[in-house]
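Just below is one structure, and these are the notes that go with it.
Please treat every number below as a calculation from the coordinates, not as lab data. Note that the coordinates shown come from a computational prediction; the quantities given were computed from them, not determined experimentally. Note: ideal-geometry Cβ built from the backbone for every residue, glycine included; neighbour counts use all protein chains shown.
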Amino acid sequence: MNPSTQSDLRPEAMADVPGVCELPLTRAVVQYRDVHEMDSPGGRIEDIGLAVVVEGRFASSAESLDLGSGNVKLLDLSTELVVLDWIYEPTLDHLNALLTEAAATGRRDPLRRYAFRLALTVLGRVGFGPLTRPTFLRIGFRDICRDLDLNEGTSIRIVLGPGRLTRVHMDYDAGALIFRTAFLEPDATLEHAMADAFPGAAIRRLVPVAGNDALSYQVRVPLALSFEEARRNLAVVRRGLASLIARFEPERFRAFGHVLETFGARETLAALYVRPSASRAVPVGAYEPGHARIH
């Protein structure tokens, strides 16, 4: 008898492996990014990339409430899923009530305020770490965009000269700035300006795959290993971008400079207490609220 005959047979239970895991995610606090939705690079200014799943019977089509904008999005969480926390049923009921009220009256401020308080509570409880770093950076960069160039996307536009424009957004996972241009060839003026604005940072040309695509640049800041480092890095980003605007658009720089002198710079993260390290996730209460190098 050949013993290998039986061992080579596939068990009947393995005959059909769908390869898709569908989890009920209702009440989960999840992170999402470009892989989950199609949007402009960096995302929309009102969103923070942290959401509560209000209806998530299937991970591939989870109705989720962004905790920054208060907008409901349909996310595909089946390919990549990061669950930071879970909320209680009363919390979900309250969010749904606020959603219903907002739809009926058009008043979305109560929903947005409660949702953002909930986001800060979750981030403070979970703490700063590799999983939460992108959300902290997105909230901080959103403040910078609102101070320097409030627009629909979480990006900053800088006019370099007649017909010359660059848009800057942040790669939250890498903690790097991306300068998108319309140039097909390296721009020495912009490269020198970036080197002056971000001394010591590694600056790379992102050569496009297709020959007729525009050139982009990546400015890498040190990868933050703590909440304090993240805030310091964001301060470096703010100073660097402000210096670029002052260099290329001095009138615009003076205009928003007066506003910042009067009201101060936005810094949402300054008011947030964050645990030194990530802790075990438990439900949130219902009503607790040198020289640059260019490669």
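Along segment 117-132 the Karplus relation, 6.51 cos²θ - 1.76 cosθ + 1.60 evaluated at θ = phi - 60°, assigns HN-Hα couplings of 4, 5, 4, 5, 4, 4, 5, x, 6, 6, x, 8, x, x, 6, 8 Hz to successive residues, with x for each Gly and Pro.
Might you report the magnitude of the Cβ-based charge dipole of segment 89-168 about its Cα centre, with Lys and Arg at +1 and Asp and Glu at -1, to the nearest 20 debye? Don't jump to the answer; show the numbers that get you there.
On the way: 13 positive and 8 negative charges, 64 e Å.
The calculation lands at about 300 debye.
Note on segment 161-206: with charges restricted to the Cβ of Lys and Arg (+1) and Asp and Glu (-1), its dipole about the Cα centre is near 120 debye.
Just the Kirkwood number for segment 136-271, please: inverse of mean 1/r across all distinct Cα pairs, in Å, one decimal. Show your work: numbers first, answer last.
Working: mean 1/r = 0.0647 Å⁻¹.
The answer is 15.4 Å.
The value given for segment 59-166 is a Kirkwood hydrodynamic radius of 16.2 Å, derived from the mean inverse Cα-Cα separation.
Fewest-first ordering of Thr132, Thr79 by other beta carbons within 10 Å of each residue's beta carbon gives Thr79, Thr132. On a C-alpha basis, how far is the centre of segment 198-249 from the centre of segment 122-184 in Å? Whole number, if you could? Centre-to-centre distance over Cα atoms comes out at 9 Å. About its Cα centre, segment 28-127 has a charge dipole of approximately 320 debye under the convention of +1 per Lys or Arg Cβ and -1 per Asp or Glu Cβ, with nothing else charged. Applied to segment 142-152, the Karplus parametrisation 6.51 cos²θ - 1.76 cosθ + 1.60 on θ = phi - 60° returns per-residue 3J(HN,Hα) values of 4, 4, 4, 5, 5, 7, 9, 6, 5, 8, 5 Hz, with x for Gly and Pro.
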